[in-house]
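Structure, as structure tokens:
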Amino acid sequence: MSHKEEVVDRVLIDTTVSAVVEAPLDRIDLGTWLRGLSDEEYRQCAVPDHRANGWSTNADGQLVSINVEEIGGELIIQHYVAEVLAPHHTRLVSLSELQTPGGWGTVEVVWDITVTALGPDRATFTNRVVSRPTRSLLKGLEDAGVTFEQASAERTAVVAEHNALETPNYAKSVERAVLAGN
């Protein structure tokens, strides 16, 4: 499946949540934190939604974060290609596999995390998730009699709830990494 051929330029989900990190901005390195995030800690950041994570490379040699989640009763397997892994910004893009009651589908997910100074010893951790459908997902919705607007509203609600669960826990995980000197 070709990424460019499949993804439709319509926003299915767009949710952003922020939390405070009790650490100075100059000691935070999101790229290092994310690459070092253990499977156990990842799972603890969104109980019971997060199922597993790890790192690998794709056929092109690009670094890939593989995450397995169950959000709103749907299993999603993400293969995030790391586009940015900088100290104050990470951006990962995945053509993700999604298991719905109607079967498997694919959706593009962009996971974008930033930190900005909030004061000398605090930072704002912002976690944004944007998703775009593929042609096959749109066809599956159409076949099921679900409008794009219905699907967007339903999925945005459950992903926003998930984002609200994981974001403060990610911020605490970043704090622990800073305190540990990572």
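Could you size up the charge dipole of the chain around its Cα centre, putting +1 on the beta carbon of Lys and Arg and -1 on that of Asp and Glu, and report it in debye to the nearest 20?
Working: 15 positive and 27 negative charges, 54 e Å.
Value, rounded to 20: 260 debye.
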Amide H proximity to Glu83 below 5 Å, modelled H, separation 5+ or other chain, gives Arg91, Leu92, Val93
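Provide the net charge surrounding Gln99, with neighbours chosen by a C-beta distance below 13 Å and charges set as Lys +1, Arg +1, Asp -1, Glu -1.
Working: positive: Arg51; negative: Glu69, Glu70, Glu74, Glu97.
Once all neighbours under 13 Å are counted, the net charge is -3.
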Please state the relative contact order of segment 71-166 as a whole percent: Cα pairs under 8 Å, 6+ residues apart?
21
With springs only between Cα atoms under 10 Å apart, run a GNM on the chain and tell me which of Glu108, Glu70, Glu40 wobbles the most.
Glu40
Would you mind checking the tilt of helix 148-179 against the longest principal axis of the Cα atoms of the chain, expressed as 0 to 90 degrees and rounded to 10?
20
Once phi is turned into θ = phi - 60°, what whole-Hz ³J(HN,Hα) does the Karplus curve with 6.51, -1.76 and 1.60 give for every residue of segment 100-115, x standing for Gly and Pro?
10, x, x, x, 7, x, 10, 8, 7, 10, 10, 10, 10, 10, 9, 10
Just how far, in whole angstrom, is segment 115-172 from segment 1-67 if you go by their alpha carbon centroids?
12
So what are the ³J(HN,Hα) numbers for segment 28-39, from phi and the Karplus equation (6.51, -1.76, 1.60; θ = phi - 60°), rounded to whole Hz, Gly and Pro as x?
8, 9, 4, x, 5, 4, 5, 5, x, 5, 6, 4
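For an R0 of 25 angstrom, estimate the FRET efficiency from the Cβ-Cβ distance between Glu142 and Asp14 and round to the nearest 0.05. Write out the running numbers ahead of the final one.
Numbers: r = 22 Å, r/R0 = 0.87.
The formula returns an efficiency of 0.70 here.
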Taking θ = phi - 60°, what integer Hz values does the Karplus form 6.51 cos²θ - 1.76 cosθ + 1.60 yield along segment 70-84, in sequence order, with x for Gly and Pro?
10, 10, x, x, 10, 7, 10, 10, 9, 10, 6, 7, 7, 8, 9
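Return a whole-number percent for the relative contact order of segment 3-179, with Cα pairs under 8 Å and 6 or more residues apart as the contact set. Present the calculation step by step, with values, prior to reporting the outcome.
Working: 384 pairs, mean separation 55.9, N = 177.
Answer for segment 3-179 is 32 percent.
We did not get these values from a lab; they are worked out from the coordinates using the rules stated. The model shown is predicted, which means the values in this text are computed figures rather than measured ones. Every residue, glycine among them, receives a Cβ derived from its backbone with ideal geometry; neighbour counts consider all protein chains shown.
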